[in-house]
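Engineer: What follows is a structure written as structure tokens; I'll ask about it next.
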Amino acid sequence: MNATTHAVFGVAAFAGASLFVGVEPPVWTYPAAVVAAWLPDADNPRSRLGNGLSKMKNPLLNAITRPISWLLQTASFILVRAVGHRTLTHSLLGLFLFALPIYFFLGAFPALQIALMSGAASHIVADALNTRGVPLLWPLGPTFRIIPGGFKSGGVIELAVAICVMAAAGYAIYLLHPLVRTTIGLVQPI
Ligand SMILES: [Zn+2]
């Protein structure tokens, strides 16, 4: 799955989870869900996060993003050397290890907790639609796929799925935020 598809899945999962628990999330938590949705592929040095963040024009922003970028590149290198791509970060064990610090340190930000967890979980669901599947029980056993055989990454089916999920995300956001509903209500013909 490409980075855009993962971002769409992350937002959809987050909006769905927020709707489920009945909390209207602050707008700033949506980018957190997107970053979390990219995080499992940080074990791939060629992924959106694994190859580090791109250089910013603003020197101040650069000063902040460069160390994060180096950290991501180092983590990516270590992960891919130690366990390989699509192993720990695409498993329930990985998700559990990711959940621990979120549970212990971000208790004051429940919306952020939901954003990070649903984003990361959505990545595994999205990859489970793929031909390669995901090693859900890593380091044990088999590879899981949601549909038999799965579909190819980057193809027309991925695009169609992404569009459907984006529509679902849009509807969930519409239900979640009264402000969005009012704005759309304003532009509707009377
Ligand atoms: Zn992945």
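Values quoted throughout were computed directly from the atomic coordinates according to the rules given, and no laboratory measurement underlies them. Worth saying up front: this structure is predicted, and the values here are computed from it rather than measured. Positions of Cβ are generated from backbone atoms using ideal geometry, with glycine treated the same way; all protein chains shown enter the neighbour counts.
Engineer: Order these by the 10 Å Cβ neighbour count, fewest first: His85, His6, His177. Each step should come with its number before you reach the end.
Structural biologist: On the way: His85 19, His6 25, His177 16.
Neighbour counts put them in this order, fewest first: His177, His85, His6.
Engineer: Just need log10 I(q)/I(0) for the stretch 76-153 at q = 0.19, 0.25 Å⁻¹, Debye formula, equal scatterers on the alpha-carbon atoms, no solvent, rounded to two decimals.
Structural biologist: The computed values of log10 I(q)/I(0) come out as -0.85, -1.13.
Engineer: I've got another one for you. What is the extension gain from Thr182 to Ala108, computed as 0.36 nm multiplied by their sequence separation minus the C-alpha to C-alpha distance, in nm to one decimal?
Structural biologist: On the way: separation 74, 0.36 × 74 = 26.64 nm, distance 2.94 nm.
Answer, rounded to one decimal: 23.7 nm.
Engineer: Shifting gears a bit: What longest region of the chain stays clear of trypsin sites (Lys or Arg not before Pro) that DSSP places outside H, G, I, E and B and that have at most 11 other Cβ atoms within 10 Å?
Structural biologist: 58-190
Engineer: State, as an integer percentage, the relative contact order of the stretch 32-190 based on alpha-carbon contacts under 8 Å between residues 6 or more apart. Intermediate values should be presented prior to the final figure.
Structural biologist: Working: 184 pairs, mean separation 32.4, N = 159.
Result for the stretch 32-190 is 20 percent.
Engineer: Further, regarding this structure: Looking at the calculated P(r) for the stretch 99-190, what percent of the C-alpha pair distances fall above 16 Å? Intermediate values should be presented prior to the final figure.
Structural biologist: Values: 2944 of 4186 pairs.
Cα-Cα pairs of the stretch 99-190 separated by over 16 Å account for 70 percent.
Engineer: Another question, if that's okay. Give the average over all directions of the projected area of the C-alpha convex hull of the stretch 71-115, one decimal, in nm². If you can, show how the numbers build up before the last one.
Structural biologist: On the way: hull surface 14.9 nm².
Approximately 3.7 nm², given one-decimal rounding.
Engineer: Can you tell me, using C-alpha contacts under 8 Å and at least 6 residues apart, the relative contact order of the stretch 122-177 as a whole percent? Mind showing how you got there, number by number?
Structural biologist: Numbers: 47 pairs, mean separation 14.0, N = 56.
Once divided by the residue count of the stretch 122-177, the mean separation gives 25 percent.
Engineer: To continue, here is another question. Any idea what diffusion coefficient the chain gets from Stokes-Einstein, in µm²/s, Kirkwood Rh on alpha carbon pairs, 37 °C, 0.692 mPa s? Provide the component values of the computation, followed by the final result.
Structural biologist: Details: Rh = 17.7 Å.
For these conditions, the coefficient is 186 µm²/s.
Engineer: Treat the count of other C-beta atoms within 10 Å as a stand-in for reagent exposure and order Ser76, Ser18 from fewest to most.
Structural biologist: So the residues, fewest neighbours to most, are Ser76, Ser18.
Engineer: Give the separation of the Cα centroids, the stretch 154-172 to the stretch 68-140, in Å.
Structural biologist: Going from one Cα centre to the other spans 22 Å.
Engineer: For the stretch 1-114, what are the per-bin percents of Cα-Cα distances with bins 10 Å wide, up to the bin holding the maximum?
Structural biologist: Distribution as computed: 13, 37, 38, 11, 0 percent.
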